[in-house]
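Contents: one structure, followed by commentary.
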Amino acid sequence: MRKLLGLLLFTLPVWADDTVQIKPVATLPSAKYLSVEAPFRCSMQDFETKAIATSLSIKPNHFKLVATEHNDPLPRYRVNGLSLQKTSADQVVQLLVKEAGIKVYTTEKAYPTLSTQDVYGELDKVLDSLSNAGEFFYRYNKNTQNLTLTKYGYFDIQLPQDSVVMLAVLDAFRGSGIVDITPNWNTSTITVMLTKKQYHQAKFILDTILKEGRLLLMDVHVYAIDAPEKGINWQTVISKMGMGKIYATASGLVGKMVNTGHIKTHESWADRIAQTYPIELLSKGIAVVPNGWKARFDVGRCAVDVKKLNALSLLLTSKIKTARDMETQITLDTSAGEISSFTALGGIDEELVIVGIPATIVGFSRGELLITFKLRLIRLTKEEGENK
């Protein structure tokens, strides 16, 4: 016992006062890249099980922003001629509901200033209008008659039981700058924290996805080719692939895009190149682009070895007219800026290939990148009986 006590006294730190000081501990590298999303985004299983064109059924409660916090209906009260000049939004609301006996609370200190002139109408309609102008949300508790104003709102979005649709919404939100997102892959639900401006943006994205009803599904592979300094003879590679399979080419600021027909697995570009040059798979994953919208695919998120990639992203847009008439724009973006951009015209079951990009942009001392995209289509269809 005496030896144990001596050990404890030796190992416990001593401070001048009784305050316990805890120093921050750095996250271990093994946990830094932990992601629940990665198995869904970086696995080819969902892509491989999809038909070239797949239809998904949409229920009436899908793609809706539903507030996570309870909000009681406001009492029936009519506003008659409210006029104010350059008054903070929270003070405007306080004056608005004072006669109704409602107390106003705020979760933040500063709110935008508003000016109103002869405002008339039902309280809920007027408050909705003010919340949009003042960029705040509100919650009312009828039991306490308390009205709480907040600059941020939390919402749930129910989606179909399909990981690809989840990825589509996540990519579209992130592409628009909405980043406070928590997906639940078990329930196919996404929880988001939004400002008022982001709320309207998120609603527009969801409405657009539902209205357009088409998603471009892309299987993305990124390779590094250990090529000689003079580069790869791509004309020879294309000849080996078969000239009949090459539909078109397009040049970017750096590199070139090749549009091909269906490529069988055992005849892939990587397999053909491996016959001549050492090639290494850097990253693979699924990108989903809603029709007419932008999405971002972070290559490092699905990297085989994260240490070998820096901040390389693929910015994707699509315009889907028909299954055989699609315009796809792909931009290579890094932390140092945009590298190159390509536009391809094609259809589903085709493959887009980007060549001639220096591998130095992802930290290699030499070589080239090979980036391939296989295209498929998902259609969203409303269940019978749903109001159009």
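Placing +1 at every Lys and Arg Cβ and -1 at every Asp and Glu Cβ, with all other atoms neutral, what dipole size does segment 151-276 have around its Cα centre, in debye to the nearest 20? Numbers along the way, then the final one.
On the way: 13 positive and 11 negative charges, 74 e Å.
Using only the charged Cβ atoms, the result is roughly 360 debye.
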- [ ] For segment 101-177, build the charge dipole from Cβ charges (+1 Lys, Arg; -1 Asp, Glu) around the Cα centre, then report which of S131, G175, T106 sits farthest towards its positive end.
- [x] T106
Open item on the list: Relative contact order of segment 78-150, please, whole-number percent, based on alpha carbon pairs below 8 angstrom and at least 6 residues apart.
Closed with: 40 percent
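According to the square roots a ≥ b ≥ c of the eigenvalues of the Cα gyration tensor, what is the shape class of segment 214-381, taking rounded for a/c under 1.5, prolate for a/b larger than b/c otherwise, and oblate for the remainder?
Working: a/c = 1.74, a/b = 1.24, b/c = 1.41.
Since a/c reaches 1.5 but b/c is at least a/b, the shape of segment 214-381 is classed as oblate.
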Task: Pairwise Cα inverse-distance average, inverted: Kirkwood Rh of segment 144-192 (Å) - done: 12.1 Å
Open item on the list: Please list, by residue number, every one of the trypsin sites (Lys or Arg not before Pro) in segment 73-124 that is coil in DSSP and has at most 16 other beta-carbon atoms within 10 Å.
Closed with: R76, K109
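What does the convex hull of the alpha-carbon atoms of segment 103-259 project to on average, in nm²?
On the way: hull surface 70.2 nm².
Quarter of the Cα hull surface area: 17.5 nm².
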Task: Dipole magnitude (debye, nearest 20) for segment 214-381, charges at Cβ of Lys, Arg, Asp, Glu - done: 380 debye
Open item on the list: Suppose the Debye formula is applied to equal point scatterers at every Cα of segment 212-255; what is log10 I(q)/I(0) at q = 0.14, 0.22, 0.24, 0.32 Å⁻¹?
Closed with: -0.58, -1.14, -1.20, -1.14
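Suppose every K and R has +1 on its Cβ and every D and E has -1 on its Cβ; what is the size of the dipole of segment 259-304 about the Cα centre, in Debye to the nearest 20?
Details: 6 positive and 4 negative charges, 43 e Å.
In total the dipole reaches around 200 debye.
Could you work out the percent of alpha carbon pairs in segment 78-150 separated by over 13 Å, rounded to a whole number? Kindly include the intermediate steps, with their values, before the conclusion.
Numbers: 1637 of 2628 pairs.
Here the long-distance tail beyond 13 Å is 62 percent of all Cα pairs in segment 78-150.
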TODO: Arrange the following residues from fewest to most other Cβ atoms within 10 Å of their Cβ: S318, S365, S83.
DONE: S365, S83, S318
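In what sequence, highest mean first, do 194-206, 55-67 appear when ranked by Cβ atoms within 10 angstrom?
On the way: 194-206: 17.5, 55-67: 14.9.
Averaged packing, sorted descending, gives the order 194-206, 55-67.
Taken together, the values in this text are just the output of simple stated rules run on the coordinates, not laboratory data. Here the structure is a predicted model, which means the values were calculated and not measured. All Cβ positions, even for glycine, are placed from backbone atoms using ideal geometry, and neighbour counts span all protein chains on display.
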